[in-house]
1. Please work out the C-alpha center-to-center distance from the range 77-104 to the range 120-169 and express it in whole Å.
2. Projected area of the range 109-245, taken from the Cα convex hull and averaged over every viewing direction, in nm²?
3. Provide the gained length on full extension for the span residue 88 to residue 190, in nm with one decimal, where the gain is 0.36 nm per separating residue minus the Cα-Cα distance.
4. Tell me the label-point distance for the pair residue 53, residue 102, using the 7 Å Cα-to-Cβ offset, in nm and rounded to one decimal.
5. So between residue 129 and residue 261, what do we pick up on full extension, going 0.36 nm a residue minus the alpha carbon distance?
6. Take the Cα coordinates of the range 129-179, assign each an equal point scatterer, and use the Debye formula without solvent to give log10 I(q)/I(0) at q = 0.14, 0.17, 0.27, 0.31 Å⁻¹.
7. Cα atoms only, the range 46-157: Rg and Dmax in Å?
8. Using a 10 Å cut-off around each Cβ, can you sort 234, 191 from fewest to most neighbouring Cβ atoms?
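Just so it is clear, none of the values below were taken in a lab; they were calculated from the coordinates. Small disclaimer: the values here were computed from a predicted structure and weren't measured. Virtual Cβ from ideal backbone geometry, glycine too; neighbours counted across all protein chains shown.
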């Protein structure tokens, strides 16, 4: 799982462009940009049409409503296939979330004011048929507004640029990370307001590198993400497919819960294959 306040871009549409060109200041050096926490932000660029035909009456406005929505949409083991089981611990502390520091090290911090609720669930696909165990994490976060959720994604794009190697724990690292992003209507994305992907190698203590994939999608004020730390015997395509399919199914649940008459716009389980193509040849999701 991953979260961090936004930095050099005010909207995912703008940030996706900066992610390709490099987010730089006048001197051409990377710019940290305005602080999300301080409230000193540049004006967001024009937002594309949303993938969600939202019903305003269904939008969560307080913590209780946000937690109810999360309970309805977050993955259970079956969403990852019949072999998946609950890991220990199964659910994270709902009062904290992961933040990537300036030193590219992940830490747990209290939720910021713009987040109504969040929850992470941990799963495992046990070793079988010559493959090692795969560790999976599903995360659903409900922001107060769609704009705040958009800022979260913009900040993640900045992270992808500045931290191609990240420290998860004392003996766990992510290396050789590459990423991509698409907004609604771009790169065959017709089901999410924004899609972020990242992939690379997961390196545990004394273990050989294994495929790592992370993907996050946003509909309005809600983000859903899935990370996959695959075991031996998995290739990157398999890791990406596991995360993509579960993520799109969670997104469909969000669309059904918040869309007018439960229609949820164009989001759906019939579209996961659209995520297969991307400019840098990789995609991902997770922590």
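1. 8
2. 8.7
3. In short, 33.2 nm is gained.
4. A separation of 4.8 nm, rounded to one decimal place.
5. 43.1 nm
6. Here log10 of I(q) over I(0) equals -0.59, -0.79, -1.08, -1.11.
7. 16.4, 50
8. So the residues, fewest neighbours to most, are 234, 191.
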